[in-house]
C-alpha cells in the first residue's frame, strides 16, 4: 500500500514538473482571421463591411488619415523566462474619402525594426555624493539657535 502511494505521488510530481515546463501561449490584440480579411475587397467594401467582418480596429491613422490598423501578436513563455514574440501581424486598411476601401496591407514580425538601446548615461553637473559624504558633510551644519 505504501509503495503504491509513493509511486502515485512520484507520478503526480513528475506530471506537474512537465506541466510547468510546457510553454504558455498568449494572444494580445486583434489577430485578424485571414478568411474574414479575404472577404474585404478594395473598391467594393466600405467601412461598415470592414467593421462587421474584422471588428473594431486597434487604432486609427493620425491627422484625419482614413487608415485603420489591426494589431495583434502571439507570445510564448516557458517557465520563468521572458516571453518571446512568435507571431506579429499588423493589417492596415486605407479608405478613400467616401469610406470605400482603397488598399489593404500587411506587416509581420520580420518587418519590425530592431532597436539597439544605448546604455550610456548622460553626465549631469555637480558632484556625485555618496552616503558617507552626506553623513560626514552634515556634521556641524545643524542650527541650534531657537528664535
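The values are calculated or read from the model by the stated rules, or taken from the named source; none is laboratory data. Computed from a predicted structure; not experimentally measured. Please note: Cβ atoms are built from the backbone with ideal geometry, for glycine as well, and neighbour counts cover all protein chains shown.
Scanning segment 62-94 for residues that are over 15 Å from the mean Cα position of the chain (by Cα) and loosely packed, with under 15 Cβ neighbours inside 10 Å yields 62, 63, 64, 65, 78, 79, 80, 81.
One residue stands out in segment 95-107 among those that are part of a loop (DSSP other than H, G, I, E, B) and in contact with a strand residue (DSSP E or B) (Cβ under 7 Å, 6 or more places away or on another chain): the one that is modelled with the highest pLDDT, namely 96.
Has segment 111-125 got at least one residue that is surrounded by 11 or more Cβ atoms within 10 Å (Cβ to Cβ), at pLDDT below 90 and within 19 Å of residue 29 (Cβ to Cβ)? Yes, segment 111-125 has at least one match. Right, residue 42: in contact (Cβ under 8 Å) with a residue 24 or more places away in the chain, surrounded by 13 or more Cβ atoms within 10 Å (Cβ to Cβ) and over 30 Å from residue 95 (Cα atoms) or not? So residue 42 does not fit the description; no.
Could you say whether any residue in segment 17-29 is surrounded by 10 or more Cβ atoms within 10 Å (Cβ to Cβ), modelled with pLDDT under 90 and assigned to a helix (DSSP H, G or I)? Yes, that holds for at least one residue. For segment 35-94, a residue qualifies if it is within 29 Å of residue 22 (Cβ to Cβ) and either touching a helix residue (DSSP H, G or I) at 6+ places or on another chain (Cβ under 6 Å) or part of a loop (DSSP other than H, G, I, E, B) (or both), and the qualifying residues are 78, 79, 80, 81, 82, 83, 88.
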